[in-house]
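Structure record follows, encoded as structure tokens.
The values are calculated or read from the model by the stated rules, or taken from the named source; none is laboratory data. None of these values were measured; they are calculated from a predicted model. Positions of Cβ are generated from backbone atoms using ideal geometry, with glycine treated the same way; all protein chains shown enter the neighbour counts.
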Amino acid sequence: MLTWLVLLPVAGAIVVLLTPRARQELHLPLGIALSILPLGLALYVFGVFEPQAQMQMTELHTWYEPWGITWNLGIDGISMPMVVLTTILVPVALGASTKITTRTKEFVVYTLLLEAGMIGVFVSLDLFLFFVFFEAILIPMYFIIGIWGSERRIYAAMKFFIYTAFGSALMLAGIIALAVLHNEQVGSPSFALADLSGLDLSIGAERWLFAAFALAFAIKVPVFPLHTWLPDAHTEAPTAGSILLAGVMLKLGTYGLLRFNLLLFPEASVDAIWIMGILAVIGIVYGAAVAIVQPDLKKLVAYSSVSHLGFIVLGTFALTSGGLQGAVIQNVNHGLTTGALFLLVGMIYERRHTKQISEFGGLQKVMPVFAGFFLFMIFASIGLPGLNGFVGEFLVLIGSFTTLPTLAIIAASGVILAAIYLLWAYERVFTGVPDKEENETLTDLSVREVSLLAPLATLVLLLGLYPNILLDKIAPSTEAILDRIEASTDYVVPPPGRLGDVFVAGEEDE
Amino acid sequence: MITPEISWLAILPEIVLALGAAGVLLVEVQWKPESNVLGTIAAGSVLFAAAFSVLQWAQAADSVEFGATGDLVVFSGLVLMDGLAIFGRFALLAVTAVGLLAGWKYIDSLGRRSAEAIALVLLASAGFSIMVAANNLVMMFLGLEVGSIALYVLAGMSRERARSDEAAIKYFLLGSFASAIFIYGVALLYAGTGEFEVLGIRQFLGSFVVFSPAVILIGLGLVVVGLGFKVSAAPFHSWAPDVYQGAPAGVVGYMAAVAKIAGFVAITRILLTGVQALDADWLPVVAGIAALSMLIGSTLALVQGDVRRMLAYSGVAHAGFILTGVVGGTTEGVLFYLAVYSLQLVGAFAVAAAVSGPDNSESSLESYRGLGRKSPFLAGSFTVLLLGMAGLPVTSGFIAKFGVFAEAWTNGFRWLVIVAVLASVIAFAFYLRIIVAMYMDESEVPAVDVPPTSRWVLIVAVGTTILWGILPGSLLSLAADALPL
């Protein structure tokens with residue numbers, strides 16, 4: 001099942017590759033149709049997914065015996081939402097790419113390969129396999145930014161590639177170290193997550209390895225001060241690239257911290273609560289503060305990502321039920337809302353060929369539907385109750401308040417700052433009277449564009465009103481992580497406070 | 001006096017190659033045929049040599065199984081027929097085959113002199129082939145010289161071009177200097193141990209405690225320097241960029257690849273078999289050379305404006321990566337890396353030759369701009385090969401790098417692995433620069449004509465790069481079996 005999920009996009013890419021280059025009008029519709037297949041399969045996986053802690057739908061095949069590398073796939077409550085999110089965002093990203101008229105075929109091929117790699121990262125249970133996917137997806141994303149991006153695309157693509165490759169290089173050394181340790185302790189090399197989490201690590205080794213993994217993931221997230229590649233990559237990437245970058249690729253970092261750092265290095269994770277928490281909060285406040293002053297709409301959304309992902313990291317290292325569940329669900333929420341915001345920015349850019357906030361004004365009157373969607377997504381991003389962002393940020397804040405109260409209080413200011421930069425941007429772009437001639441003739445959203453936004457908006461609302469549809473499936477896996485940390489360290493997970501009861505899965509009474 | 005028993009099978013591949021070279025020259029003199037006929041003779045001799053190597057592999061496996069490894073030491077200890085030798089020879093023959101195909105357009109354009117070029121290629125392969133099998137260090141030197149001298153001449157084949165002359169002279173002068181250093185080292189090793197044979201040196205070091213091994217160590221150092229020159233490891237690499245840039249593009253890939261294979265097999269044999277007992281002395285030095293090569297190669301490649309010079313510096317970096325495998329202490333990683341990299345190298349130079357065109361002049365990064373749109377096959381293949389050399393996953397290069405890193409880490413050289421992963425990140429940058437030029441530049445260049453033979457080379461190189469990236473076991477298990485005696 002999961003193998004099919006990984007291979008379907010690859011097969012799709014091959015199909016597109018075999019179509020004649022001259023039939024350019026065919027490639028994009030074909031790509032969208034082919035990306036619906038993995039979506040269907042992912043929804044099926046979502047349907048049959050059992051809310052339990054163990055890995056499900058596992059597959060294990062030997063890859064190369066003497067090295068102990070395996071094709072080991074499985075899915076749990078942490079990875080399942082991400083797989084579904086990925087398969088939702090890829091058709092949307094492709095659907096938003098009608099303005100890509102040069103080399104459409106390659107574009108579709110790269111996007112589908114990117115999808116395969118991203119799914120592969122989420123479902124790998126073998127660190128070697130995980131690294132293969134983790135590093136391989138840099139190539140299609142590099143091409144997507146570098147070929148179809150805007151003016152400074154080459155610089156941005158290069159910076160993106162080198163930054164992330166630098167982080168993962170040290171993680172590679174860490175992975176080798178773990179496998180060698182396994183060889184020393186058990187007598188055979190292994191890269192399986194289950195095997196490696198049972199290793200007996202000295203605290204020194206654990207700290208070093210934690211640092212190597214955390215650096216790779218922190219660059220990907222990005223955690224302050226490693227975030228400088230992100231605004232460049234986001235601003236220069238084409239709309240589809242930005243959607244997938246923000247929607248999924250940044251989540252590889254937060255996913256990795258949750259899945260690998262907490263599980264493999266529990267002792268070091270407990271030690272790192274404060275460091276990671278402080279960095280996360282700096283990211284929240286700094287990202288929001290920089291977003292306020294951005295004159296460029298896309299850059300504003302990019303910096304808002306730095307801020308929002310800070311919440312996810314904070315929730316992860318709060319090491320409480322609420323924090324972890326909030327982190328996982330916020331992964332999904334941010335993917336939906338920021339993906340949609342990049343989509344919206346892309347739509348206005350296609351019409352006006354500028355992203356400067358000062359160039360707009362009064363668009364509400366000219367494009368009411370567009371303005372409506374924009375406002376809706378802004379509200380979701382700010383965390384308005386009833387929309388999905390509220391659930392995630394609320395869980396994170398409550399979860400971290402029990403362990404890191406000071407940081408949680410500072411982080412809460414991020415919510416207010418988000419309201420400032422997003423609503424102020426909305427005011428400048430949409431309210432008032434259209435005073436620029438070019439803005440008066442803009443057309444509102446087409447049926448195609450609405451059909452791209454509508455599913456995202458529906459999910460935003462659904463997750464806002466009934467988060468338990470996901471939380472029920474997430475909770476057993478996050479609890480398992482906490483159990484594992486409690487079992488191997490002195491750390492005691494604080495019981496959720498009274499407020500926490502409201503949202504923690506299973507205890508909600510509506 | 002006892003006549004040594006002659007084990008013909010052990011040297012049949014070399015005999016066939018040498019006969020092929022002689023045959024090409026004689027047929028040319030007698031019948032003056034089309035160059036395709038000469039090419040067929042060459043292909044035949046390479047094929048036969050490969051077939052005999054398969055027989056050797058089977059026999060070597062038998063002998064190891066029945067514990068009769070003594071049978072594999074032949075010609076009174078001059079030559080070995082062990083797994084290391086046979087694997088190295090396979091790699092050499094594969095590179096010879098694709099190298100001849102990649103250079104065919106150039107060789108064909110030489111007209112009446114094409115026979116010379118083909119014969120030189122076969123002779124070089126014969127020389128290096130005996131070098132990888134040599135147990136006796138003098139024998140190794142003879143193989144090295146036969147191979148190197150053929151390569152010096154090949155570098156200068158386009159003698160009407162000043163660049164080519166310059167490359168040949170530089171290569172010749174520095175190369176013979178290095179050979180002299182090597183043979184002086186061999187002499188000192190003999191002075192210190194009383195042995196010319198690698199296995200003999202091992203036995204000597206195993207049975208005697210050498211209190212002041214200074215002479216042995218100086219000799220060893222000189223041998224490593226000499227071979228380090230041949231494989232263009234830093235700081236003995238300064239000839240490589242000029243030679244790679246100046247020599248005829250069609251055959252540079254072949255020249256670089258065979259020299260690397262033979263040099264590294266020799267280094268592996270001497271260090272890991274002969275003087276294994278002294279590894280506390282040589283490991284830090286070799287690790288230092290490896291680190292220096294990776295850092296110098298990667299950083300200097302960044303600032304090159306010429307693709308062939310870039311490939312030369314990347315070759316320096318790769319020498320460092322392979323030495324990392326030597327530091328790891330096993331042959332498996334080194335052999336896999338050599339096989340993978342040498343095919344990629346020949347493929348990359350097949351692209352460079354196609355872009356340089358018939359006059360073999362232009363190889364600046366400028367001439368690659370916009371190649372992605374004009375020649376999608378060429379640019380696509382080059383991209384896969386570059387990503388493979390960079391060591392990105394899903395290519396054989398990643399598996400190769402991972403293998404040598406894991407070995408070095410196991411052997412305790414953690415700092416070297418960290419230097420190596422960082423150097424690979426630096427290296428990404430210059431491989432990407434070429435890809436940027438090919439795909440992300442809007443300028444218009446004329447389409448490049450790819451000779452059909454080069455097309456086949458690229459299919460083989462790209463195919464193996466991806467195949468061994470996804471299913472490495474097919475080659476890795478062979479490399480794991482190819483043990484030295």
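Looking at this structure, is B:LEU283 within 20 Å of the chain's Cα centre (by Cα), in a helix (DSSP H, G or I) and more than 17 Å from B:ALA390 (Cα to Cα)?
no
So which residues in region A:14-68 are small (Gly, Ala, Ser) and either more than 14 Å from every other protein chain (Cβ to nearest Cβ) or farther than 30 Å from B:PHE405 by Cβ (or both), if there are any at all? Full working, then the answer.
Of all residues in region A:14-68, those small (Gly, Ala, Ser) come to A:22, A:31, A:33, A:35, A:40, A:42, A:47, A:53, A:68.
Those that are small (Gly, Ala, Ser) and either more than 14 Å from every other protein chain (Cβ to nearest Cβ) or farther than 30 Å from B:PHE405 by Cβ (or both): A:ALA22, A:GLY31, A:ALA33, A:SER35, A:GLY40, A:ALA42, A:GLY47, A:ALA53.
Might you let me know whether region B:165-173 holds any residue that is more than 23 Å from B:ARG309 (Cα to Cα), of a type in the set (Phe, Trp, Tyr), within 19 Å of the chain's Cα centre (by Cα) and not in a loop (DSSP other than H, G, I, E, B)?
no
Looking at this structure, is B:LEU392 within 10 Å of another protein chain (Cβ to nearest Cβ) and either assigned to a helix (DSSP H, G or I) or modelled with pLDDT under 95 (or both)?
The answer is yes for B:LEU392.
Can you find a residue in region B:329-352 that is within 14 Å of chain A (Cβ to nearest Cβ), at pLDDT below 90, surrounded by fewer than 23 Cβ atoms within 10 Å (Cβ to Cβ) and touching a Gly at 6+ places or on another chain (Cβ under 6 Å)?
Checking region B:329-352: not a single residue is within 14 Å of chain A (Cβ to nearest Cβ), at pLDDT below 90, surrounded by fewer than 23 Cβ atoms within 10 Å (Cβ to Cβ) and touching a Gly at 6+ places or on another chain (Cβ under 6 Å).
Given the conditions (1) surrounded by 16 or more Cβ atoms within 10 Å (Cβ to Cβ); (2) modelled with pLDDT of 90 or more; (3) away from chain B (no Cβ under 14 Å), which single one is not true for A:GLY117?
Condition (3) is where A:GLY117 drops out.
Out of B:LEU26, B:LEU47, which single residue is of a type outside the set (Phe, Trp, Tyr) and more than 20 Å from B:ALA133 (Cα to Cα)?
B:LEU26
Any residue at all in region B:48-69 that's closer than 26 Å to B:ILE270 by Cβ and outside any helix (DSSP H, G or I)?
Taking every residue of region B:48-69 in turn, at least one turns out to be closer than 26 Å to B:ILE270 by Cβ and outside any helix (DSSP H, G or I).
Six or more apart or on different chains, Cβ atoms under 8 Å: show the pairs whose first residue is in region B:467-481 and without any contact (Cβ under 8 Å) to a residue 60 or more places away in the chain and whose second is assigned to a helix (DSSP H, G or I).
B:GLY473/A:GLU65; B:SER474/B:LEU467; B:SER474/B:TRP468; B:SER477/A:PRO66
Provide a single number: the residues in region B:406-454 that are facing chain A (nearest Cβ under 7 Å), part of a loop (DSSP other than H, G, I, E, B) and either modelled with pLDDT of 90 or more or in contact with a Cys (Cβ under 7 Å, 6 or more places away or on another chain) (or both).
Quick first cut of region B:406-454, residues facing chain A (nearest Cβ under 7 Å) only: B:406, B:409-410, B:417-418, B:421-422, B:424-425, B:428-429, B:432, B:436, B:439-440.
From what is left, the residues that are part of a loop (DSSP other than H, G, I, E, B) are B:440.
Filter once more, so that each one left must be either modelled with pLDDT of 90 or more or in contact with a Cys (Cβ under 7 Å, 6 or more places away or on another chain) (or both): none.
Here the count works out to 0.
Mind checking which helices (runs of 4 or more DSSP H) fall wholly inside region A:126-244 and carry at least 2 residues that are within 14 Å of another protein chain (Cβ to nearest Cβ) and surrounded by 24 or more Cβ atoms within 10 Å (Cβ to Cβ)? Step through it out loud before you land on a result.
On the way: elements: A:127-136, A:138-148, A:153-186, A:193-196, A:203-220, A:229-236, A:239-244.
Counting at least 2 such residues, we get A:127-136, A:138-148, A:153-186, A:203-220.
Yes/no per residue for (1) under 26 Å from A:PHE430 (Cβ atoms); (2) assigned to a helix (DSSP H, G or I); (3) in contact with a Ser or Thr (Cβ under 6 Å, 6 or more places away or on another chain); (4) among the aromatic types (Phe, Trp, Tyr):
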| site | (1), (2), (3), (4) |
| --- | --- |
| A:GLY315 | no, yes, no, no |
| A:GLY323 | no, yes, yes, no |
| A:VAL328 | no, yes, no, no |
| A:VAL332 | no, yes, no, no |
| A:LEU336 | yes, yes, no, no |
| A:GLY339 | yes, yes, no, no |
| A:LEU343 | yes, yes, no, no |
| A:MET347 | yes, yes, no, no |
| A:GLU350 | yes, yes, no, no |
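Suppose the filter is more than 30 Å from A:VAL180 (Cα to Cα) and either within 21 Å of the chain's Cα centre (by Cα) or not in a helix (DSSP H, G or I) (or both); does B:PHE382 pass it?
So B:PHE382 passes the test.
When the residues of region B:264-291 are filtered to those that are more than 18 Å from B:LEU199 (Cα to Cα) and among the small types (Gly, Ala, Ser), which remaining residue is surrounded by the most Cβ atoms within 10 Å (Cβ to Cβ)?
It comes out as B:ALA290.
Could you figure out which of (1) under 27 Å from the mean Cα position of the chain (by Cα); (2) within 14 Å of another protein chain (Cβ to nearest Cβ) isn't true of B:ALA461?
Condition not satisfied by B:ALA461: (2).
Considering only residues that are under 18 Å from the mean Cα position of the chain (by Cα) and not in a helix (DSSP H, G or I), look in region B:94-152 and name the one that is modelled with the highest pLDDT. Break it down into steps so the answer makes sense when it comes.
First pass over region B:94-152, keeping only residues under 18 Å from the mean Cα position of the chain (by Cα): B:94-103, B:120-134, B:140-152.
Applying the additional criterion that residues be not in a helix (DSSP H, G or I) yields B:103, B:134.
On the way: B:GLY103: 89, B:ALA134: 94.
Checking each candidate, the answer is B:ALA134.
So, restricting to helices (runs of 4 or more DSSP H) that lie completely within region A:378-496, which ones have at least 1 residues that are surrounded by 23 or more Cβ atoms within 10 Å (Cβ to Cβ)?
Passing ranges, in order: A:388-403, A:405-430, A:447-465, A:468-488.
Taking only region A:181-234 into account, find how many residues are acidic (Asp, Glu) and in contact (Cβ under 8 Å) with a residue 40 or more places away in the chain.
Going residue by residue through region A:181-234, those that are acidic (Asp, Glu) are A:184, A:195, A:200, A:206, A:232.
Subset that is in contact (Cβ under 8 Å) with a residue 40 or more places away in the chain: A:206, A:232.
Result for region A:181-234: 2.
For the structure I just gave you, tell me whether B:SER76 is within 26 Å of B:VAL37 (Cβ to Cβ) and in a loop (DSSP other than H, G, I, E, B).
No.
When residues of region A:36-68 are filtered for being hydroxyl-bearing (Ser, Thr, Tyr) and within 17 Å of A:VAL123 (Cβ to Cβ), how many remain?
Within region A:36-68, residues that are hydroxyl-bearing (Ser, Thr, Tyr) and within 17 Å of A:VAL123 (Cβ to Cβ) number 2.
Can you pull out the residues in region A:69-100 that are away from chain B (no Cβ under 14 Å) and among the β-branched types (Val, Ile, Thr)? Spell out the reasoning first.
Here is the first cut: in region A:69-100, the residues away from chain B (no Cβ under 14 Å) are A:72-100.
Correct list: A:ILE75, A:ILE78, A:VAL83, A:VAL84, A:THR86, A:THR87, A:ILE88, A:VAL90, A:VAL92, A:THR98, A:ILE100.
Just the residues that are touching a residue at least 12 places away in the same chain (Cβ under 8 Å) and either crowded, with 19+ Cβ neighbours inside 10 Å or part of a helix (DSSP H, G or I) (or both), please, taken from region B:153-164.
Matches in region B:153-164: B:VAL153, B:LEU154, B:ALA155, B:GLY156, B:MET157, B:SER158, B:ARG163, B:SER164.
Which number in (1) of a type outside the set (Asp, Glu); (2) under 21 Å from B:ALA312 (Cβ atoms); (3) within 12 Å of chain A (Cβ to nearest Cβ); (4) surrounded by 24 or more Cβ atoms within 10 Å (Cβ to Cβ) marks the one condition that B:LEU378 misses?
(3)
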